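The structure appears right after this line, and notes come after that.
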Amino acid sequence: ALRPISPFFHSAARASAPIPGSEPRLSLGRVLRAGLAGPGPLPSDGPAPRSRPPAPQRSISFRTETARLFSFTPRGRGAGGASRRPRGGSSRLWSETYERGTRHQLCAREVKRQEVIFELMTGEQQLVEDLTLVKKNYYEPMQTLAILSETELQQIFGTLDDLIPLHQGENLLSQLQCARQEDGTVSEAGRILLGWLPGLRTYSSYCCNQVAAKVLLDHKKRERPVGNFLRLCQESSFSRRLDLWNFLDLPRSRLVKYPLLLRELLRHTAAEHPDWDPLQEAMTLSQDIVSTINQKTGEAECGYYQQRLLYLDEAQRAPGISRSRLLHCHGELRNNKGQVLHVFLFEEALVVTRLVSQEEQPGFQVYRQPLPLDQLILEDLPDGEARLGTSIRGAFTPGGERAKNMFRVSFREAGLGQAHTLQANDAFNKQQWLSCIRQAVDGRPERGPASPPGPEAADCSLAPLARLSLDGRRASSSMDVS
């Protein structure tokens with residue numbers, strides 16, 4: 001399986017700590033006004049060195065989300081080094097708040113159950129604080145300083161304002177706090193969750209917008225005012241040295257944790273407990289909501305990149321591209337001439353492209369003929385046997401190193417188009433590509449006789465995202481896999 005290495009697909013919500021109350025906000029504003037047009041270096045967000053193209057990335061959809069459930073160890077005490085949480089943040093466990101002198105003692109299973117509920121509560125509090133941080137320390141200053149237009153702000157921050165009320169006021173946290181007894185325990189949480197979880201459907205439009213948001217943010221960071229602003233923010237203590245995207249990805253990271261937390265809570269709840277049935281329903285509901293949003297997000301991502309493709313010839317518009325509703329993966333590879341190509345593996349076609357500039361905006365120009373997956377032949381080439389810039393088999397690179405990590409994709413019917421000999425940056429990266437392509441070919445949808453697709457079949461993206469005015473803006477150079 002491909003490792004989750006896309007910036008869209010980080011499973012860990014590393015920007016989830018509360019805001020330090022002592023951070024002077026006015027001083028940041030003064031620094032920003034003085035430094036936006038300054039000569040300081042822009043954040044480094046360029047591509048990887050030419051000799052090592054980026055590894056393939058998973059797609060923004062999160063069906064294979066590998067986020068681990070919290071281990072209930074105190075935040076800030078991990079063995080992995082210094083904590084990213086500010087010193088002022090609470091790191092207590094539920095057991096540290098439990099009144100031990102109460103009239104009854106809890107069994108080990110009930111303690112674990114209460115720890116999960118407590119983790120659910122503290123996670124909600126941290127999310128609210130971080131979403132508020134994004135609005136107060138990023139959105140509002142950028143709006144005041146006019147370094148981004150209103151349209152650009154809306155595209156980057158999406159429906160963030162719709163998410164904050166979901167976690168504030170009469171929210172999950174406040175209801176669970178009201179349900180806590182004097183000794184700190186919560187006897188039943190299932191019915192509270194059943195009443196609150198349907199609101200998570202609000203996340204759909206936010207998650208579907210993330211591809212466009214990341215592309216536009218990466219593009220605008222190259223402009224000096226925006227780049228300097230974000231650099232100064234990242235150097236300030238309130239950001240914990242995290243960039244803006246770490247915060248913008250928090251809602252998605254939090255969303256996929258709900259089914260995991262509820263599964264863990266159910267695991268520590270006895271079947272005869274009155275909370276068991278409501279928790280079972282809540283877990284199923286959360287899984288259904290996340291699955292639906294995941295599907296819509298995948299379709300939106302697929303449609304977004306379909307709109308970024310530039311065709312030199314109408315014959316390149318393979319029906320399988322427009323029919324695809326999923327983008328399995330995409331990323332940079334080199335051909336046997338050493339040229340960097342950007343390869344997209346859609347649900348029904350593999351498309352090789354070149355990164356081009358169109359009115360100062362990057363796009364993906366289709367190179368040669370796309371390969372329908374029902375015509376695709378995949379060949380794993382042993383090291384040293386690929387043809388690299390020459391017709392001699394077993395060629396050597398200019399530095400004397402043998403050609404490695406190569407594979408070939410070709411048409412089953414040779415007359416339909418040319419083959420591609422492609423090189424990954426290392427052996428692991430190559431295996432990622434091979435595995436992804438094989439899975440896509442084996443799992444392609446069965447279709448009847450080919451017929452011209454109708455208007456609905458051609459529109460395989462969520463309409464609002466597909467029509468975004470971001471034509472050709474460059475996405476992350478790493479590969480995405482659903």
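Bear in mind these aren't lab numbers, they're just calculated from the coordinates by the rules spelled out. All values derive from a computational prediction rather than experimental measurement. Cβ: placed from backbone, ideal geometry, glycine included. Neighbour counts: every protein chain shown.
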Those GluC sites (Glu not before Pro) from the stretch 330-385 that are DSSP loop and have at most 14 other Cβ neighbours within 10 Å turn out to be Glu359, Glu360, Glu385
Volume per residue of the C-alpha convex hull in the stretch 213-281, rounded to whole Å³:
107
Going through the stretch 169-242, which GluC sites (Glu not before Pro) have at most 16 other Cβ atoms within 10 Å and a DSSP loop state?
Glu170, Glu182, Glu188, Glu223
May I ask you to derive the FRET efficiency for Glu281 and Lys337 from their Cβ-Cβ distance with R0 = 45 Å, giving the value to the nearest 0.05?
0.20
Gap separating the Cα centres of the stretch 193-207 and the stretch 237-277, nearest whole Å:
13
Within the stretch 191-280, DSSP-loop trypsin sites (Lys or Arg not before Pro) with at most 16 other C-beta atoms within 10 Å are Arg222, Arg241
I need the peptides 268-279, 364-375, 408-419 ranked by packing, meaning the mean over residues of other C-beta atoms within 10 angstrom, with the highest value on top.
364-375, 268-279, 408-419
For the pairs Lys135/Lys214; Lys214/Lys296; Lys112/Lys135, note any where the Cα-Cα span goes beyond 23 Å.
Lys112/Lys135
Which lysines does Lys404 reach when only Cα atoms under 19 Å apart count, and residues fewer than 8 places away in its own chain are ignored?
Lys337, Lys430
What length, rounded to one decimal in nm, is gained on full extension from Gln295 through to Ala315, with 0.36 nm per residue of separation minus their alpha-carbon distance?
4.2 nm
With a/c under 1.5 counting as rounded, go ahead and sort the stretch 162-201 into rounded, prolate or oblate using the C-alpha gyration tensor (a ≥ b ≥ c being the square roots of the eigenvalues; past the cut-off, prolate if a/b is larger than b/c, else oblate).
oblate
Just to check, using Stokes-Einstein with a Kirkwood Rh over alpha carbon pairs, what's the diffusion coefficient of the stretch 274-344 at 10 °C and 1.306 mPa s in µm²/s?
102
Inverse of <1/r> over all distinct C-alpha pairs of the stretch 105-307, i.e. the Kirkwood Rh in Å, gives 18.6
What is the extension gain from Phe428 to Arg354, computed as 0.36 nm multiplied by their sequence separation minus the C-alpha to C-alpha distance, in nm to one decimal?
24.3 nm
In vacuo Debye scattering of the stretch 98-193, one point per C-alpha: log10 I(q)/I(0) at q = 0.14, 0.19, 0.21 Å⁻¹?
-0.65, -0.91, -1.02
Label point distance in nm, Arg222-Arg267, each placed 7 Å from Cα along Cα→Cβ
4.5
Take the alpha carbon atoms of the stretch 289-323, find their center, do the same for the stretch 126-191, and report the distance between the two centers in whole angstrom.
31
Can you figure out the FRET efficiency of Arg201 with Glu150, using R₀ = 22 Å and their beta-carbon distance, to the nearest 0.05?
0.25
Fully extended contour minus Cα-Cα distance, from Phe411 to Glu235, at 0.36 nm per residue
58.3 nm
